[in-house]
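Chemist: Here it is: the structure, laid out below.
The values are calculated or read from the model by the stated rules, or taken from the named source; none is laboratory data. Since the structure is predicted, the reported quantities are computational estimates derived from the model, not experimental observations. Because the Cβ atoms are built from the backbone with ideal geometry, glycine has one as well, and the counts that use them run over all protein chains shown. Remember, those area values only see protein heavy atoms, side chains included, never the ligands or the DNA or RNA. Shrake-Rupley method; radii C 1.70, N 1.55, O 1.52, S 1.80 Å.
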Amino acid sequence: MAAAKSVTAAYSALSLLQSCQCCEGQHGYELGRQPGNTKLSSNVTVRRVRVRGGNFKFRALRLDSGNFSWGSEATTRKTRILDVVYNSSNNELVRTQTLVKNAIIQIDATPFRQWYQQHYGIEVGLKKKLGAANAPGDEKQVEEKKVSKSVKDKLKARDVNRSLDSHLDDQFATGRLYACISSRPGQCGRCDGYILEGKELEFYQRRLLRKKGKVAGL
């Protein structure tokens, strides 16, 4: 009698397992969609997708710009995305110019250079333009505009605590800045991030140099 009960329990458990397996993927909360695979393109395209609960996601298919913050200067500017240079998860995402979270990209430095010149009265990235014979401090040798005494005093006060990383100054000379994407373009339809600075910038520059060395060795 006990053996018959155990067999019946085993069959009921097996039938329950089979019924659960046949219902897999039939619930709304188990729904999976195609990845966005947002590409770098001037033909900007963002699709609205209705999701569970009547909410909406914004699936960016193609983007070419975003808002990027400069952490040490506490400022944000909208700028163009120029290139995808590194992705720690997959090199294929670099080759196909796919914009995903934490991808390392290059952005246009012009909006930040203009802001820096207006805020401090100093033009950056002049080392290569003025020639190698100039000293490192020659970034201030730009044509002075006529400004009032109060503006001069304000710029002088700001210049006291001013400091610019040499790596960033070199990037300003090329017109491109390294940045990291912090948003999710396939979920929110935006490509926002921050400029790389300090130890993080040095780390990714080493990674890019190592990557170039491997390619050159092939």
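Chemist: State all residues of segment 168-184 that are open to solvent by less than 60 Å² (accessible area, probe 1.4 Å), under 17 Å from Tyr116 (Cβ atoms) and not aromatic (Phe, Trp, Tyr); if no residue qualifies, say none.
Modeler: Scanning segment 168-184 gives Leu168, Asp169, Gln171, Ala173, Gly175, Leu177, Ala179.
Chemist: Among the residues of segment 95-118, which ones are in contact with a Lys or Arg (Cβ under 7 Å, 6 or more places away or on another chain) and without any contact (Cβ under 8 Å) to a residue 40 or more places away in the chain?
Modeler: Correct list: Pro111 only.
Chemist: So, of the residues in segment 54-79 that are open to solvent by less than 70 Å² (accessible area, probe 1.4 Å) and hydrophobic (A, V, I, L, M, F, W, C), which turns out to be nearest to the chain's Cα centre (by Cα)?
Modeler: Residue satisfying both the conditions and the ranking: Phe68.
Chemist: When the residues of segment 35-87 are filtered to those that are in contact (Cβ under 8 Å) with a residue 60 or more places away in the chain and of a type in the set (S, T, N, Q), which remaining residue is nearest to Phe112 (Cα to Cα)?
Modeler: Taking the candidates together, the pick is Ser69.
Chemist: May I pose another question? Is segment 84-95 home to any residue that is surrounded by 15 or more Cβ atoms within 10 Å (Cβ to Cβ), among the β-branched types (Val, Ile, Thr) and under 19 Å from Phe172 (Cβ atoms)?
Modeler: Yes: segment 84-95 contains one or more residues that are surrounded by 15 or more Cβ atoms within 10 Å (Cβ to Cβ), among the β-branched types (Val, Ile, Thr) and under 19 Å from Phe172 (Cβ atoms).
Chemist: Please work out which residue is farthest from Thr98 (Cα to Cα), limiting yourself to segment 41-63 and to residues that are assigned to a strand (DSSP E or B) and in contact with a Phe, Trp or Tyr (Cβ under 8 Å, 6 or more places away or on another chain).
Modeler: Checked segment 41-63; the qualifying residue farthest from Thr98 (Cα to Cα) is Arg50.
Chemist: Yes or no: segment 202-210 includes at least one residue that is open to solvent by less than 70 Å² (accessible area, probe 1.4 Å) and in a strand (DSSP E or B).
Modeler: no
Chemist: Something else about it: Can you tell me how many residues within segment 83-111 are hydrophobic (A, V, I, L, M, F, W, C) and part of a strand (DSSP E or B)?
Modeler: 5
Chemist: Okay, moving on. Could you tell me which of the residues Asp159, Asp138 is open to solvent by less than 80 Å² (accessible area, probe 1.4 Å), assigned to a helix (DSSP H, G or I), in contact with a Lys or Arg (Cβ under 8 Å, 6 or more places away or on another chain) and modelled with pLDDT under 90?
Modeler: Within the list Asp159, Asp138, the selection yields Asp138.
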